[in-house]
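Colleague: Dumping the structure here so I can ask a few things about it.
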Amino acid sequence: MTKNNNNDCTTNKNASYPVWVNRLNKSADKRQQFQLDVLNDVPAEIEDRRRRRNNIIIFGAKCRNETEEANKVREIFDLLNYDDNCIRQITRIRSSNSNQPSPILVKLDSVTNRNEILFRSKNLKNTNCRDIFINADQTEAQLNRFKYLKTIRDKQNCENTDKNYYYGIR
């Protein structure tokens, strides 16, 4: 059974593969390339998370120079009743928004210290540093995932007619 119609799935000895086979192969190549890209990105993401796991970022601290930054971080640690000996490095991250103070990256010596500081950071709102916020240092993928979850949470809370509960993110 041979037909010369190019749209037909059958082929003869002289005809090349039908067009859909070539399209299938091309989409498979793109799919395989995408999968390879993802597989190549995973180790980099894991390494980036490992590198950031002990870090915190302090937002809203107004400082003019490096000594003020160090003093402000130590003041924040004092307000949190936490020993500042766990600090390994303090670095100012230059912000693209000139209206707000640039965040401060604080590298700590362990994840335990980071988690304890994050837990205690809610106490800053009862002090003279209520405009200062402390967050974990996260990768771009983690930040994008959190933004996506926030939109879902906000949508579900808007649709929620029973105001006895609200959706949250853990």
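Colleague: Would you please classify the overall shape of region 40-97 from the alpha carbon gyration tensor, given that a ≥ b ≥ c denote the square roots of the eigenvalues, rounded means a/c under 1.5, and beyond that prolate means a/b larger than b/c while oblate covers the rest? Spell out each step's value before the answer.
Modeller: Numbers: a/c = 2.92, a/b = 1.63, b/c = 1.79.
Oblate.
Colleague: Sorting check: for 59-67, 128-136, 32-40, 157-165, which peptide has the highest mean count of neighbouring beta carbons within 10 Å, and how do the rest follow?
Modeller: On the way: 59-67: 12.9, 128-136: 15.7, 32-40: 9.7, 157-165: 8.0.
So the order, starting with the most tightly packed, is 128-136, 59-67, 32-40, 157-165.
Colleague: For Cα pairs less than 8 Å apart in space and 6+ apart in sequence, what is the mean separation divided by the residue count of region 79-125, i.e. the relative contact order in percent?
Modeller: Values: 43 pairs, mean separation 19.3, N = 47.
Computed over region 79-125, the figure is 41 percent.
Colleague: In addition: Could you state the orientation-averaged shadow area of the convex hull built on the Cα atoms of region 54-170, in nm² to one decimal? Before the final figure, lay out the partial values.
Modeller: Numbers: hull surface 35.9 nm².
Seen from a random direction, the Cα hull of region 54-170 projects 9.0 nm² on average.
Colleague: What accessible area per residue, rounded to a whole number of Å², is obtained for region 44-120 using a probe radius of 1.4 Å?
Modeller: Details: 4840 Å² over 77 residues.
On a per-residue basis, 63 Å².
Colleague: For the pairs Lys122/Lys150; Lys62/Lys107; Lys62/Lys125; Lys72/Lys155, note any where the Cα-Cα span goes beyond 27 Å.
Modeller: Details: Lys122/Lys150 20 Å; Lys62/Lys107 19 Å; Lys62/Lys125 16 Å; Lys72/Lys155 38 Å.
Over 27 Å Cα-Cα: Lys72/Lys155.
Colleague: Per-residue accessible area for Ile46 at 1.4 Å probe radius, Å² rounded to 10?
Modeller: Surface accessible to solvent at Ile46 totals approximately 110 Å².
Colleague: Also, quick follow-up: Once amide H atoms are placed 1.01 Å from N in the peptide plane, what residues at a sequence separation of 5 or more from Tyr82, or on another chain, have their amide H within under 5 Å of its amide H?
Modeller: none
Colleague: Enter the per residue convex hull volume of region 120-169, computed from alpha-carbon coordinates, in Å³ rounded to the nearest integer. Working shown, then result.
Modeller: On the way: hull volume 5.7 nm³, N = 50.
Per residue, the Cα convex hull of region 120-169 comes to 114 Å³.
Colleague: Another one. Contact order normalised by length for region 44-170, with contacts defined as Cα pairs under 8 Å and 6 or more residues apart; what percent is it?
Modeller: Numbers: 151 pairs, mean separation 38.8, N = 127.
Normalised by residue count, the contact order of region 44-170 is 31 percent.
The values are calculated or read from the model by the stated rules, or taken from the named source; none is laboratory data. The structure presented is a predicted model; accordingly, all values stated were derived computationally and were not measured. Virtual Cβ from ideal backbone geometry, glycine too; neighbours counted across all protein chains shown. Keep in mind that these areas ignore ligands, DNA and RNA; they rest on the heavy atoms of the full protein, side chains included. Shrake-Rupley method; radii C 1.70, N 1.55, O 1.52, S 1.80 Å.
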